[in-house]
Amino acid sequence: MKAVCFSEYDLLKKVILCEPQYMRIKDVINETQKHFENEGIHIKTAMIQHQDFVAALKKLGIEVIILPSFERYPEQVFTRDIGFTLGEQIFVAEMGTDIRTGEEHVLIDWLQKADLPFINLTGDRIEGGDVLIDRTTIYVGISNRTKIESIEKLQKLLPQFEIIGIPFTDTYLHLDCVFNIISPTEALIFPGEINKEELHILASRYDLIEVTEDEQFTLGTNVLSVGHNKIISLPVNIKVNRELRKRGYEVIEVDITEIIKSGGAFRCCTMPIIREKQR
């Protein structure tokens, strides 16, 4: 088996997820969790919604790998952060907070059993939610979870790619919560979170579709492109979905509103292993 991923929008063929079996808001680490701290997460509902999401992926012909879940890892559902595939190389991340430290070992165990080679970024704090790829360019968010030194090391490991650091505010955990590439020419963005210089770079490369503040709260940017102009999105994000359909995308609506209480949606919940380039 091989790994390959050169974009955020090519045809998704194989992806890693993890059930929210032990999901809870233990240590508040973002504004969304702060809002739902007292309400908490209804596990039964979260599990049903996650199963619906998995079913939607399988219906599209995508092979879904489910990592085992452990009670000591309450954020494990967000598999995007523990690793990422860039080109034909899998990287295993070093998590940026104590609450998530150790999740990467579950991924490593599966990769070893699957006989998939990987690079372990031990000592280099970088999380997959900050990493987006588009052909020969990789965008990496500079955040509380991802250090600029890690970006510099990634550039040395992948000299064939142009790697662009994107600083953004600490309101949101990862770059993919404020910026998400959905095609070679279009991207979703929540304005006001990215530095002006880097915003200018993004605006020169993509037609930026702005997400409103109310739909940003329900993570309107954090959709999942699965290829052939199909995008999985939350039903509650009516304006985003309308705009995507207007631009010719097929929007597949799946309700994971219980899971997003912890600050992540579809992209956060998926770690692509194989994306086939569309002809």
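The values are calculated or read from the model by the stated rules, or taken from the named source; none is laboratory data. Source: prediction; values computed, not measured. Heads up, the Cβs are rebuilt from the backbone with ideal geometry, glycines too, and the neighbour counts pull from every protein chain shown. These area figures cover heavy atoms from the full protein model, side chains too; ligands, DNA and RNA do not enter into them. Shrake-Rupley method; radii C 1.70, N 1.55, O 1.52, S 1.80 Å.
In region 15-60, the qualifying residues are those that are under 28 Å from T97 (Cβ atoms), at pLDDT 70 or above and basic (K, R), and the one that is surrounded by the most Cβ atoms within 10 Å (Cβ to Cβ) is R24. For region 226-253, filtered to residues that are open to solvent by 10 Å² or more (accessible area, probe 1.4 Å) and in contact (Cβ under 8 Å) with a residue 60 or more places away in the chain, the residue that is farthest from G83 (Cα to Cα) is R247. The one condition from (1) open to solvent by less than 50 Å² (accessible area, probe 1.4 Å); (2) over 18 Å from the mean Cα position of the chain (by Cα) that I151 does not meet is (2). Condition test on V240, is it of a type in the set (V, I, T), farther than 23 Å from D130 by Cα and modelled with pLDDT of 95 or more? When the stated conditions are applied, V240 does not pass them. With a requirement of 2 or more residues that are closer than 23 Å to L12 by Cα, the helices (runs of 4 or more DSSP H) lying completely within region 155-254 that satisfy it span 238-246.
Residues being in contact with a Gly (Cβ under 9 Å, 6 or more places away or on another chain) and of a type outside the set (A, V, I, L, M) are entirely absent from region 242-252. Scanning region 92-122 for residues that are touching a Gly at 6+ places or on another chain (Cβ under 6 Å) and touching a residue at least 40 places away in the same chain (Cβ under 8 Å) turns up just one, L107. Per the listing R135, R125, the residue uniquely among the charged types (D, E, K, R), in contact (Cβ under 8 Å) with a residue 12 or more places away in the chain and in contact with a Phe, Trp or Tyr (Cβ under 8 Å, 6 or more places away or on another chain) is R135. Residues in region 83-133 that are in a helix (DSSP H, G or I) and small (G, A, S) were compared, and the one that is farthest from Q160 (Cα to Cα) is G129.
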